[in-house]
Amino acid sequence: SIASADMDLNQLEAFLTAQTKKQGGITSDQAAVIAKFWKNHRTQIHESLINQSRWDNGLRNMNWRVDLKAQLRHMDQINTPVAIVEMELGKNGQ
C-alpha cells in the first residue's frame, strides 16, 4: 500500500498509525522500522515499480500524417481530416 500510493512522510505516518491501532495490526516498533526503511529507499522502490509496470521503455521512431477525404458517398464527410500516427516502441538496448 505504501509503495503503490508513493506515500509522502505525512501519509506514511498516518497510515502506520492506523495500522498500529487496528486489530491484528503491526507494533509501534515495526512501524518505526517500516518508516525508516521507506524514508531510506523510497526513490529506489518507486523507480523499480515504474520500471516493472511499463510496457516498453522508450519511443524509437514516430511517423505521422494528416489525410483529407476527397471523395465519399456522403457530402458531409468530404474534407474531413484523419490523422494517422505510427509509433515504434522499444526497450533500452534493444
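Can you find, among ALA5, LEU16, ASN51, the residue farthest towards the positive end of the dipole of the chain? Put +1 on the C-beta of Lys and Arg, -1 on that of Asp and Glu.
Of ALA5, LEU16, ASN51, it is LEU16.
Please list PHE37, PHE15 in order of solvent-accessible area, largest first, computed with a 1.4 Å probe with all protein chains present.
Per-residue accessible area, sorted high to low, gives PHE37, PHE15.
Roughly what angle does helix 28-53 make with the longest principal axis of the chain, taking Cα atoms, 0 to 90 degrees, to the nearest 10?
Tilt of helix 28-53: around 20 degrees.
Expressed as a rounded percentage, what relative contact order does the chain have, with Cα pairs under 8 Å and six or more residues apart?
Normalised by residue count, the contact order of the chain is 23 percent.
Amide H of LEU89: which non-local residues (sequence gap of 5 or more, or other chain) have their own amide H closer than 5 Å, using H built in the peptide plane?
Those qualifying (amide H under 5 Å, at least 5 residues apart or on another chain) are ARG60.
Scan around MET7 for amide H atoms under 5 Å from its own, H built in the peptide plane at 1.01 Å from N, and keep only partners 5 or more places away or cross-chain.
Amide H neighbours of MET7, under 5 Å, 5+ apart: none.
Test of understanding: given the chain, find the longest segment containing no trypsin sites (Lys or Arg not before Pro) that are in a DSSP loop and have at most 14 other Cβ atoms within 10 Å.
With trypsin sites (Lys or Arg not before Pro) excluded where exposed in loops, the chain gives 23-53 as its longest stretch.
Could you count how many Lys pairs in the chain have their Cα atoms under 27 Å apart, skipping same-chain pairs fewer than 8 positions apart?
Close lysine pairs found across the chain: 4.
The values are calculated or read from the model by the stated rules, or taken from the named source; none is laboratory data. Since the model is a prediction, treat every value here as computed from it, not as a measurement. Methodologically, a virtual Cβ is constructed for each residue, glycine included, from the backbone with ideal geometry; neighbour enumeration extends over all protein chains shown. Surface areas here come from the heavy atoms of the whole protein model, side chains and all, with no ligands, DNA or RNA. Shrake-Rupley method; radii C 1.70, N 1.55, O 1.52, S 1.80 Å.
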